[in-house]
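A short worksheet on the structure shown next.
The values are calculated or read from the model by the stated rules, or taken from the named source; none is laboratory data. Just so it is clear, the structure is predicted and the values come from calculations on it, not from any experiment. Cβ coordinates were reconstructed from backbone atoms using ideal geometry, including for glycine residues, and neighbour counts include every protein chain displayed. Protein only, heavy atoms only, side chains kept; ligands, DNA and RNA dropped before computing areas. Shrake-Rupley method; radii C 1.70, N 1.55, O 1.52, S 1.80 Å.
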Amino acid sequence: MKTSRPVAVTLPASGVYFAESVHAQDFAMSVRADGYHKLIYVLRGRVRYREEKKPVATVAAGALLLVPARVRHAFEDEEPSTLLLLCLSDAFVREEEELAVLWRGWVGAGSRTIAIGAATRRALEGLWRRALLERSYPRAAGAAAERALALQVLVQVARQPKAKRVEDAASRVAAVAREVDETFFERWTLDGAAERAGMSRRHFSAQFRAAMGRTFWEHLTEVRLAHAAELLTRGGHSITGVIFACGFGDVSQFYRLFGARFGKAPKAWAEKGNANLR
């Protein structure tokens, strides 16, 4: 259900609370300070975060926002957003020295935004889904399960490969392009890619062309075709299997695109590759 105000949170005795906040068009938040720490993962959209004595930060989809307890803050949507919240008590954060040190390091870093890599994003989203399911359908040891999932969230963030902050448009576009290179076999859409970058479809398309020298679809198609050619060269794959593995949903389209790109039909390309390997 969409909300026009921040989600109301009552922290349980476990010191951990997972929540989802789907913002309506008229979402608004007054400046406030909470008695608990918050990790806010921007699942969709883009928000502007304000905190006293700090520059305003734009936080796009796929990034994490850290808000310490008792800090006066507010955020507003630049685009209607969906946020995943993890609220933590002081006691939970201080329970283990290793975790307390980790938390102090994040809080003392200056920036409230933590850039998250593609692989870590998928892991975090999975953990949040499991935690929300635990809260929706209480079972034995539910509180312990949520505490364990909260720890896993913190560990995933701490162990992710170091990444540059994704703030400006060019960096966000480059991050999406890298994600395409890693996950070209998935069902990509232009709207989904723009959402990942925290931009409108039109703005993303223009920025992508400017940064990459080709459209989003041209880039995705080129990555898929290059991988298809590599698989056919190696042998051991049927053409149907290659089409599936590379994310093409239409056989005739694949044949047309492959022929235009490489000047040979897939079968001829495979036969040439096999001959070269002998």
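Laid out as a table, the results:
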read-out: Candidate set: segment 33-51, residues that are over 18 Å from P68 (Cα atoms) and of a type in the set (D, E, K, R); chosen: the one surrounded by the fewest Cβ atoms within 10 Å (Cβ to Cβ); value: R44
read-out: Cβ pairs under 7 Å, 6+ apart, first in segment 54-82 and touching a residue at least 12 places away in the same chain (Cβ under 8 Å), second among the aromatic types (F, W, Y) and part of a strand (DSSP E or B); value: A57/Y49; V59/Y49; L64/Y41; L65/Y49; H73/Y49; F75/Y49
read-out: Residue among V155, V93 that is open to solvent by 60 Å² or more (accessible area, probe 1.4 Å) and under 26 Å from P68 (Cα atoms); value: V155
read-out: Lone qualifier among A143, A131 - being touching a strand residue (DSSP E or B) at 6+ places or on another chain (Cβ under 9 Å), open to solvent by less than 20 Å² (accessible area, probe 1.4 Å) and in contact (Cβ under 8 Å) with a residue 24 or more places away in the chain; value: A131
read-out: Helices (runs of 4 or more DSSP H) wholly inside segment 171-278 containing at least 1 residues that are surrounded by 17 or more Cβ atoms within 10 Å (Cβ to Cβ), at pLDDT 90 or above and of a type in the set (S, T, Y); value: 201-212, 216-234
read-out: Residues being in contact with a helix residue (DSSP H, G or I) (Cβ under 8 Å, 6 or more places away or on another chain) and among the charged types (D, E, K, R) - total across segment 210-252; value: 3
read-out: Single condition A119 does not satisfy, out of (1) of a type in the set (A, V, I, L, M); (2) open to solvent by 60 Å² or more (accessible area, probe 1.4 Å); (3) more than 17 Å from the chain's Cα centre (by Cα); value: (3)
read-out: Subset of segment 126-170 [of a type in the set (D, E, K, R) and at pLDDT 90 or above]; value: R129, R130, E146, R147
read-out: Some residue of segment 248-255 being farther than 23 Å from E182 by Cβ and in contact with a Ser or Thr (Cβ under 8 Å, 6 or more places away or on another chain); value: yes
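Every residue, every condition in (1) surrounded by fewer than 21 Cβ atoms within 10 Å (Cβ to Cβ); (2) touching a helix residue (DSSP H, G or I) at 6+ places or on another chain (Cβ under 9 Å); (3) basic (K, R); (4) modelled with pLDDT under 90, yes or no:
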{"site": "A19", "(1), (2), (3), (4)": "yes, yes, no, no"}
{"site": "H23", "(1), (2), (3), (4)": "no, no, no, no"}
{"site": "V31", "(1), (2), (3), (4)": "yes, no, no, no"}
{"site": "K53", "(1), (2), (3), (4)": "yes, no, yes, yes"}
{"site": "S81", "(1), (2), (3), (4)": "no, no, no, no"}
{"site": "L86", "(1), (2), (3), (4)": "no, yes, no, no"}
{"site": "E97", "(1), (2), (3), (4)": "yes, no, no, no"}
